[in-house]
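Visitor: My questions all concern the structure below.
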Amino acid sequence: MVKRFCLFVLVQGLLFVGVAHAQQYPLMDMIAEKVVQKYQQSSCEQLWKQKGQPKSDREKKAMQLMREDPQMRAAFIDRVAAPIANKMFECGMFP
């Protein structure tokens, strides 16, 4: 019974932390969602073609914001790392 309660409290805490990050960085959350969708919806061929293309001004601004705010950068990486890594692995983009 105590184990179930502890598990319940842990899960609730993790959900709260996830919601807090989303509320703290709404712009970053929107950008992360677009990045994840891009990787999930793009074919490997499309990703290979886009790999060397220059970044848009909007992308450059987002990158600058994350360079200036390490907490935002960490939240962004936590959100996008797994989906991007999985797609890159599927596409043979990892060495």
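Visitor: Can you tell me which lysines have their Cα less than 24 Å from the Cα of Lys51? Leave out same-chain residues fewer than eight positions away.
Guide: Excluding near neighbours in sequence, the set is Lys34, Lys38, Lys60, Lys61, Lys87.
Visitor: Highest first, please rank the peptides 33-39, 52-58 by the mean number of other Cβ atoms sitting within 10 Å of their residues.
Guide: Result, highest mean Cβ count within 10 Å first: 33-39, 52-58.
Visitor: So what is the relative contact order for segment 25-90, in percent, with contacts set as C-alpha pairs under 8 Å and at least six apart?
Guide: Over segment 25-90, the number comes to 58 percent.
Visitor: Oh, and also: Can you compute the equivalent ellipsoid semi-axes for segment 25-90, i.e. the square root of 5 times each eigenvalue of the Cα gyration tensor, sorted largest first and rounded to whole Å?
Guide: Whole-Å semi-axes of the equivalent ellipsoid: 21, 15, 10.
Visitor: All other residues with a Cβ under 10 Å from the Cβ of Arg79 taken together, and with Lys, Arg as +1 and Asp, Glu as -1, what is their net charge?
Guide: Taking every Cβ under 10 Å from that of Arg79, the sum is -3.
Any read-out appearing in this document is the output of simple, stated calculations on the displayed coordinates, not a laboratory observation. Just so it is clear, the structure is predicted and the values come from calculations on it, not from any experiment. So basically every Cβ, Gly included, is an ideal-geometry build from the backbone, and we count neighbours across all protein chains shown.
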